[in-house]
Amino acid sequence: MGDAIMEAVVELIVKDLSKEVNVHAQYAIQFESEFEVMKKELNLMRSYLTEANRLKGNSKLVKTTLSELQELIYEADNVVTDCQIREDYLSMKGNPSCLLPSPKEISFRYITGKKLTGLNKKIVKMHKKLRTFVGPITEQTRGDENISRRRIRWTSHIFDQSEIVGLSEDTRKIKEWIFSHSDSSHRVGIVGMGGLGKTTIAQKVYHDRQVNVRFQKKVWVSVSQTYDELLIMKGILKQLNGDDSGTDKGDLLNRILEALSHKSYLIVLDDVWSIDDGWWDRISRGLPKFVEHNCCIIITSRNDDVVKRMGATESRIHRPRLLDDEESWSLFCKFAFLSTKGKCNAQLEEVGREIVRKCHGLPLAIKTTGGMLSSKPHSLGEWTRICDNFREKLVSDSESNISVMASLQLSYDELPAHLKQCMLCFSIYPDDHEIEAEQLVRWWVGEGLVRGDGTETATDVAFGHLSELVSRCLVEAVQRRSFDGKVYSCKMHDMVRDMTILVAEDEKFCCFNRGRHIATVNSRHLGVTRETTFQSLYGNTKLRALLLTTTNYIGFNRKIALAEIKTLRVLDLSCVKLDKICLVDLWQWITSLKRLAYLNLRNVANLDEIPNSVRKLWGLQILVLRECKDLKKLPTSITTLPRLAILDVGSCPSLSCLPQGLSRLANLEELYGFKLPSPATTEACRLSEVVALTQLRVLHLDITEESMIDDKELAALKQLELLRVLSINAGDCENKDIIRKLDNLSPPTRVEELYLRHYLKETTPAWINPISLPQLQYLCIEDSRVFNRMSENFWGDNEDKWNVEGLCLKFLPRLEETWETFQNAMPSLKYLEVSHCNSLKNFRCNVEGLGYWTKPDEEEENKEDQDVISCHEGGNEGEFDDMH
């Protein structure tokens, strides 16, 4: 086991043990001596781990010992987790310590005691072995380890990655080919090794203003190694706003032909590896052959032969060059010197240029290395150490993929342990797969890879980890929120994934076969694809996380090998298709997973109820039932889950209310889909109960015509002092009493994000004003056919201005405010999104369709008309106002 997981897991176990002992928990008292021995030995052993991992490459015995230690560490983690889960349950239950323990409790204590004693003996033995291999740990060694472990505070984790260097000539050349070609349809190829910037060049051409004017239709297709012909066709149709339903390929091709007929079009086929099975021949036959205007297909690939077979002639194949020394240095500075806006510290330039030279002009290597160095101390000694280490990792062949791997491996090695284990999670996803950030961070939280730190929730910390990986250029943000840069979806470059897979196999994080697909045998983490078979899961006692990635079918029944797995902590079956009989078997299995912490059943068809047996999931922290359209009721037993931190039942139209007793969920931090019940629903949870949820940070309220708010409940929200995100979906309710009550709510003053939807009143509620919401940073108002102006309170006065940085106004056709009034009231405004608000006046972007405005940089503010930086009609990928 490598230091990435070993060090991180050991650190978490030690923290957990310290917490157990410090709070004098029941099991800490019962097993006090065993816990103390374990904590002591693990703490001592941490000193040897880094050095032992350096030695394992040259010693089979050391490698074997570390592998054995890996199993012990995971087993210790399981035992400590079991004790914590049981402790939290008994604490919630209020089980008096003076009562005699039940037979089950006696059995648990006996078995746990034996496990702890046996584990400690093995850990002590392992500790002695490691000391033999490594020798004495000196103060100098500890000092070096502390330097490598210390966490550098970033000046900013959000920066513009669109800045590129040295590609102007590349794009000019390709544009010239496109515009000057006389043929009605022609092909252009971009060929080169991975990381050379092929995709970046294609993207730059794709978004070029002159190119946009030239072509009536544009389509981007990401092919990759694991392409799916049907999905490619559907993707093309979706971008053409065509009907992508059905699975008949001939029918889909006819629709593509119809959508492109008599139109000029540009199609980019990115990252093509092979056309051996004929997929391209079939799709190309569906494209118009004779058109009135020029059309172009751009193909990027690592293989010359592939683009030639797809129709690109030698004269129309572009091979990007490596960056020269000055271009490389310029690109490096953009990423390495974020805090000084690319300006290099003079004393670092010589060693910095030496580091850049070792990247051999490869953009991916330069960006990755620069991103890594941006978080390191800007001292000559630190950079010299990194430069020397970098040289040892590079191989002599500058054009080989091994050189790139050395660069990427260095960036991975320089990650702190907590980021390394998060990084390895990307290895379970297929090539070029767009990953939902929410799924990632909830996985990290559920498995215990990320913990809250007292000031931030575990979810907040996890999003911070993801942003840091993006900032280090190891993960690419695909969709992110504009006003604060929060990542909504991401992907990993295929070369970075190759490196991650190598590390994941070495760390025994998961196993892969020759095709880079995850093998189920002995895997601890499994991303389920269409190719996954569960047969080899028989006997697997290690699996901790299972997530559906590219399939929504698992064919579950109680006889398959998956049903024998009892060790899962993370289970994401979102959008899985099962009939009601399968659901019975599924629930029987799920409720046997004693350590399950994250359960995602989003958009599962036929899921109309949650069984009472959900109470058995004492360790459950995250439960997602969003978009389960058939879900009618939640059992009262859900309120007995002691660790539940996130409950998401948003967009469940058949669910009328949440059960009484929700106030017992003392650790609840995020609640989505809280429906205000009708007076007739006597067993429903009401707004007054929410007051007891003192840890709540996110609250999404849903209101219907039948909802009722008692006058005594109007001030309930104000007592939620930690609430940061408040969303109110008024559901187009026309009940005048409800609208009056909503107007008199008292929100907590520390709310940072506010969403108001389907609110049928002419003005905003009186409490939406800068005095009541002094810390508000983002405001979104959308979907109201009667809303026509902001209330008088909304504008504040000369002394009380909004601190809002992001504003979103959508589908408010009668809203008649002016741009000047918003600018005056919101001097901090940096980002604006407007859609279908036809009555707005003097706005700096499109208000009838879809428009965006971003505050200009300081140096541009004096330029005439430069305040309109981003003004687009139509969609704008990558910018969303709300995760839900």
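Yes or no: residue 710 among the acidic types (Asp, Glu) and within 31 Å of the chain's Cα centre (by Cα)?
Taking the combined requirement at face value, the residue does not satisfy it.
Within the range 450-480, the set of residues being open to solvent by less than 10 Å² (accessible area, probe 1.4 Å), assigned to a loop (DSSP other than H, G, I, E, B) and under 29 Å from residue 855 (Cα atoms) comprises 474, 475.
Yes/no per residue for (1) closer than 26 Å to residue 432 by Cα; (2) in contact with a strand residue (DSSP E or B) (Cβ under 8 Å, 6 or more places away or on another chain); (3) modelled with pLDDT under 90; (4) not in a helix (DSSP H, G or I):
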{"position": "277", "(1), (2), (3), (4)": "yes, no, yes, yes"}
{"position": "286", "(1), (2), (3), (4)": "yes, no, yes, yes"}
{"position": "290", "(1), (2), (3), (4)": "no, no, yes, yes"}
{"position": "296", "(1), (2), (3), (4)": "yes, yes, no, yes"}
{"position": "307", "(1), (2), (3), (4)": "yes, yes, yes, no"}
{"position": "321", "(1), (2), (3), (4)": "yes, no, yes, yes"}
{"position": "335", "(1), (2), (3), (4)": "yes, no, yes, no"}
{"position": "350", "(1), (2), (3), (4)": "no, no, yes, no"}
{"position": "355", "(1), (2), (3), (4)": "no, no, yes, no"}
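Could we say that residue 353 is free of Cβ contacts under 8 Å to residues at least 12 places away in the same chain, open to solvent by 10 Å² or more (accessible area, probe 1.4 Å) and among the basic types (Lys, Arg) here? So residue 353 fails the test. With respect to residue 447, is the statement that it is at pLDDT 85 or above, among the acidic types (Asp, Glu), buried (at least 18 other Cβ atoms within 10 Å of the Cβ) and in contact with a strand residue (DSSP E or B) (Cβ under 7 Å, 6 or more places away or on another chain) true? Taking the combined requirement at face value, the residue satisfies it.
Take the conditions crowded, with 19+ Cβ neighbours inside 10 Å, modelled with pLDDT of 85 or more and among the basic types (Lys, Arg) and apply them to residue 420. Does it pass? If you could, list the steps in order and put the result at the bottom.
Details: crowded, with 19+ Cβ neighbours inside 10 Å: yes; modelled with pLDDT of 85 or more: yes; among the basic types (Lys, Arg): yes.
When the stated conditions are applied, residue 420 passes them.
Among the criteria (1) touching a residue at least 24 places away in the same chain (Cβ under 8 Å); (2) under 35 Å from the mean Cα position of the chain (by Cα), the one residue 822 does not fulfil is (1).
Looking only at residues in the range 222-249 that are open to solvent by less than 60 Å² (accessible area, probe 1.4 Å) and part of a helix (DSSP H, G or I), the one that is farthest from residue 432 (Cα to Cα) is 237.
Residue 155 meets all of the listed conditions (1) of a type in the set (Val, Ile, Thr); (2) modelled with pLDDT under 75; (3) under 30 Å from residue 326 (Cβ atoms); (4) assigned to a helix (DSSP H, G or I) but one, namely (4). Inside the range 814-835, can you point out the residues that are open to solvent by less than 60 Å² (accessible area, probe 1.4 Å) and part of a loop (DSSP other than H, G, I, E, B)? Passing the criteria: 815, 817, 826, 828, 829.
Selection of the range 183-221 for residues being among the polar types (S, T, N, Q) and either buried (at least 19 other Cβ atoms within 10 Å of the Cβ) or part of a helix (DSSP H, G or I) (or both) yields 185, 199, 200, 203, 210, 212. Of the residues contained in the range 679-691, one or more are found to be within 28 Å of residue 762 (Cβ to Cβ) and over 26 Å from the mean Cα position of the chain (by Cα).
Would you be able to tell me the number of residues in the range 781-806 that are in a helix (DSSP H, G or I) and open to solvent by 20 Å² or more (accessible area, probe 1.4 Å)? Working first, answer last.
Residues of the range 781-806 in a helix (DSSP H, G or I): 792-795.
Subsequent filtering for residues that are open to solvent by 20 Å² or more (accessible area, probe 1.4 Å) retains 792-793, 795.
Result for the range 781-806: 3.
All of 572, 585, 579, 608 fail the test of being out of contact with any His (no Cβ under 9 Å at 6 or more places or on another chain), at negative phi and buried (at least 22 other Cβ atoms within 10 Å of the Cβ), apart from 572. Restricting 167, 119 to those that are modelled with pLDDT of 80 or more and closer than 25 Å to residue 372 by Cα reduces the list to 167.
Of the residues making up the range 323-342, just one is without any contact (Cβ under 8 Å) to a residue 12 or more places away in the chain and within 21 Å of residue 381 (Cβ to Cβ), namely 340.
When the range 250-274 is filtered for residues that are open to solvent by 10 Å² or more (accessible area, probe 1.4 Å) and in a helix (DSSP H, G or I), the ones remaining, listed by number, are 250, 251, 253, 254, 255, 257, 258, 259.
To keep it simple, each residue is scored yes or no on (1) at pLDDT 90 or above; (2) within 16 Å of the chain's Cα centre (by Cα); (3) not small (Gly, Ala, Ser).
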{"position": "394", "(1), (2), (3)": "no, no, yes"}
{"position": "408", "(1), (2), (3)": "no, no, yes"}
{"position": "442", "(1), (2), (3)": "yes, yes, yes"}
{"position": "455", "(1), (2), (3)": "no, no, yes"}
{"position": "482", "(1), (2), (3)": "no, yes, no"}
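In the range 372-392, the residue that is nearest to residue 332 (Cα to Cα) out of those that are of a type outside the set (Asp, Glu), at pLDDT below 80 and outside any loop (DSSP other than H, G, I, E, B) is 372. Within the range 424-451, residues that are more than 23 Å from residue 508 (Cβ to Cβ) have Cβ atoms under 8 Å from residues that are open to solvent by 10 Å² or more (accessible area, probe 1.4 Å) and aromatic (Phe, Trp, Tyr) in these pairs: 436/488; 437/463; 437/488; 438/488; 441/463, counting only partners at least 6 apart in sequence or on another chain. Here 701, 723 are screened, and the one residue that is open to solvent by less than 60 Å² (accessible area, probe 1.4 Å) and either farther than 21 Å from residue 681 by Cα or modelled with pLDDT under 90 (or both) is 723.
The values are calculated or read from the model by the stated rules, or taken from the named source; none is laboratory data. Predicted model, so just to flag it, every value in this text is computed and none were measured. In this analysis, Cβ positions are derived from the backbone assuming ideal geometry, glycine residues included, and neighbour counts consider all displayed protein chains. Each accessible area value is taken on the protein alone, full model and side chains, heavy atoms only, with ligands, DNA and RNA left out. Shrake-Rupley method; radii C 1.70, N 1.55, O 1.52, S 1.80 Å.
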